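Notes follow once the structure below has been shown.
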Amino acid sequence: MQDKNDDYILHMKNIDMFFPGVKALKDVSFNLKKGEIHSLMGENGAGKSTLVKVLTGVYQKTNGTIDYAGRIIEPKTPLESQQMGISTVYQEVNLCANLTVAENIYIGREPRGKFGNIDWATMNANAKKLLHEEMGIDIDVNKVLNFYPVAMQQMIAIARAVDTKCRILILDEPTSSLSDKETERLFAIMRKLKAQGISIIFISHFLEQIYTICDRVTILRDGVYVGEYDLKDLPRIQLISKMMGKEVREDDIEANVDKSVPDENKVIEFDHVTVPGKVKDLSMDIKKGEVIGFGGLLGSGRTEIAETMFGIMLKSNGTIKVDGVEVSVKTPMDMMKQRIAFCPEDRKVQGIIGDLSVRENIILAMQAKDGMFKHMPRSRQNELADYYIKLLRIKVSDREQLIKNLSGGNQQKVIIARWLATEPNLLILDEPTRGIDVGTKTEIEALAVRLAKEKRMAVVFISGEMGEMVRTCSRVLIIRDHEKLTELNGDEISTAHIMQAIAGDYHGHA
Ligand SMILES: Nc1ncnc2c1ncn2[C@@H]1O[C@H](COP(=O)(O)OP(=O)(O)OP(=O)(O)O)[C@@H](O)[C@H]1O
Ligand SMILES: [Mg+2]
């Protein structure tokens, strides 16, 4: 019997998912074909991760039906859905930091010997084969996971999911910490799985990636199904309009950069600063009212420079001056007192205190700076929280909502708010728009420019996305192998120049 439903592996129908006080999904449909790569798109908090978690049994849906491979399923746990052939990499990396790479890949399904004991040798050999041969990653599977950076951990999580025999593979923002090269490798693997007839759900805020790898897209807005489309028939600008629920023009998603030269007052100066193995003999200064970018590849040392400015890493040589005065730095608190703020790249690990409210998370850094004993009146706390919720369009039911119940992108916005609230003279933003939806991303870029222009704040903007630096920065330092190669100024700053400079083929005004 030929039924057109044979083309589909999954139909989710009339799905409702209600949390206390929040209707995260309202009457949502989702239809997945066999052997397609299907994107779920929507702004931060639209309900993408929730839909995935309903499918994988993390959450029990309030209403609706899930028709998977011709039968109705009610997965109660992620393990159950995995056993049915639905394999997932969640937005939050959920591996065990203290287990080895191989253990992380085979946890819960370890190869066993004759007597039921874990066969460690086979496990390590299989892990090695999977990572080296299939994923092209050169890594020691006997090392504990913690040893490797987040991007590598993400690849390991993906390897684990790919290796469990599945019919549906779900990747919820797997690429947000990956470099271009790693992303390409992932795409090659995805294409291979697709050719084997496996269906893939791919969530990402990078439009480029969606259009490169996906066949179709389902758009959600505010927990409601907007529609599903063939990507080849859907121009980008229409995709964004549908996500945001309003007509959007090309200029609306391009921030306006002020390339004018800032005043000469230096907020911070590095003179031959060295941190062994991390920062090599760096001399630079950052001026009031400028947005300065750090360009370089993953692992080039951009973050380490930021961490040195904030007192997380300590120099062995050289001098650091703040507002013209040499400072001795021992801890980040010393730099917070100098009105320097650092919003780290790995916000999930370094930033969020899940069981505190959005308000408490926002005022945290201010409280630390002012001292725990200086009480901030509750009315002032409320006022601040509401101001930043509005400014950054943080999607919350109210300011007392626990941060752990916010969507991934909205949690990140809270951490940005926390550092903005300290009203720093120098604000360091490390990959501030990673995982942030297209609409808000433009707003954060524009905000960086505005803070510099109107408040004369100095902003360090670190981003792996060249286009983003071109849109926001009036100066870009090029970092390679922990060393400053050169810098680009004003109109020199273009994607091509940044790339050439990183390769060592463009010298700008060193
Ligand atoms: N456990 C929970 N309790 C209460 N509310 C929740 C819970 N999990 C999610 N929500 C709410 O459901 C809504 C949808 O969140 P979800 O995480 O699905 O968004 P998303 O589309 O994945 O966003 P992002 O792009 O930021 O990852 C949000 O308003 C969020 O606050
Ligand atoms: Mg999400």
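Quick note: the coordinates plus some simple rules give every number you see, no bench work behind them. Just so we're clear, the structure is a prediction, and the values are computed from it rather than from any experiment. No Cβ is skipped: glycine too gets one built from the backbone with ideal geometry, and neighbour counts run over all protein chains shown.
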Cut-off is 10 Å between beta-carbons; in what order do 150, 141 appear when sorted fewest neighbours first?
150, 141
Please give the charge dipole size of the chain, origin at the Cα centre, charges +1 on K and R Cβ atoms and -1 on D and E Cβ atoms. Round to the nearest 20 debye.
1240 debye
Which entries in 278/455; 287/337; 330/455; 266/453; 61/194 show an alpha-carbon gap greater than 20 Å?
278/455; 330/455; 61/194
Projecting each Cα onto the charge dipole of the chain (Lys/Arg +1, Asp/Glu -1 at the beta carbon, about the Cα centre), which of 303, 211, 149 comes out farthest on the positive side?
149
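Please state the relative contact order of the chain as a whole percent: Cα pairs under 8 Å, 6+ residues apart? Mind showing how you got there, number by number?
Details: 1021 pairs, mean separation 79.3, N = 510.
The value is 16 percent.
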In whole Å, largest first, the alpha carbons of the chain cover along the principal axes 79, 52, 48
Average Cα contact separation per residue, the stretch 145-246, under 8 Å, 6 or more apart, as relative contact order %:
21 percent
For the stretch 266-503, with +1 on Lys and Arg beta carbons and -1 on Asp and Glu, the positive-most of 358, 452, 375 along the dipole
375
Rounded to the nearest Å, what's the spacing between the alpha carbon centres of the stretch 396-459 and the stretch 62-101? Just the number, please.
32 Å
Report the calculated FRET efficiency for residue 76 and residue 356 (r = Cβ-Cβ distance, R0 = 35 Å), to the nearest 0.05.
0.70
Alpha carbon centre of the stretch 298-325 versus the stretch 478-510: separation in Å?
20 Å
Can you tell me the relative contact order of the stretch 86-179? Whole percent, Cα pairs under 8 Å, sequence separation 6 or more.
47 percent
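Residue 396: net charge of surrounding residues, Cβ under 13 Å, Lys/Arg +1, Asp/Glu -1, itself excluded?
Working: positive: 359, 390, 393, 395, 399, 404, 413; negative: 360, 386, 398, 400.
Net local charge, residue 396 excluded: +3.
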Where a ≥ b ≥ c are the square roots of the eigenvalues of the C-alpha gyration tensor, would you call the stretch 84-123 rounded, which needs a/c under 1.5, or, failing that, prolate if a/b is larger than b/c, or oblate?
oblate
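What share of the DSSP beta bridges in the chain is antiparallel, in percent to the nearest 5? All intermediate terms of the calculation are to be shown ahead of the outcome.
Working: 43 of 77 bridges.
Taking every DSSP beta bridge with both residues in the chain, the antiparallel ones total about 55 percent.
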Suppose every Lys and Arg Cβ carries +1 and every Asp and Glu Cβ carries -1, with no other charges. What dipole size does the stretch 266-503 come out with about its Cα centre, to the nearest 20 debye?
640 debye
I'd like to verify something in the chain: which complete DSSP H helices, judged by Cα projection on the helix axis, reach 15 Å or more and average at least 1.6 on the Kyte-Doolittle scale?
none
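Multiply the residue gap between residue 29 and residue 330 by 0.36 nm, knock off their C-alpha separation, and tell me the result in nm, one decimal place. Working shown, then result.
On the way: separation 301, 0.36 × 301 = 108.36 nm, distance 5.42 nm.
That pair, residue 29 and residue 330, stretches by 102.9 nm at full extension.
Of 450, 191, how do they rank once you tally other Cβ atoms within 10 Å and put the fewest first? Walk me through the numbers before you get to the answer.
Details: 450 17, 191 12.
With the fewest neighbours first, 450, 191 line up as 191, 450.
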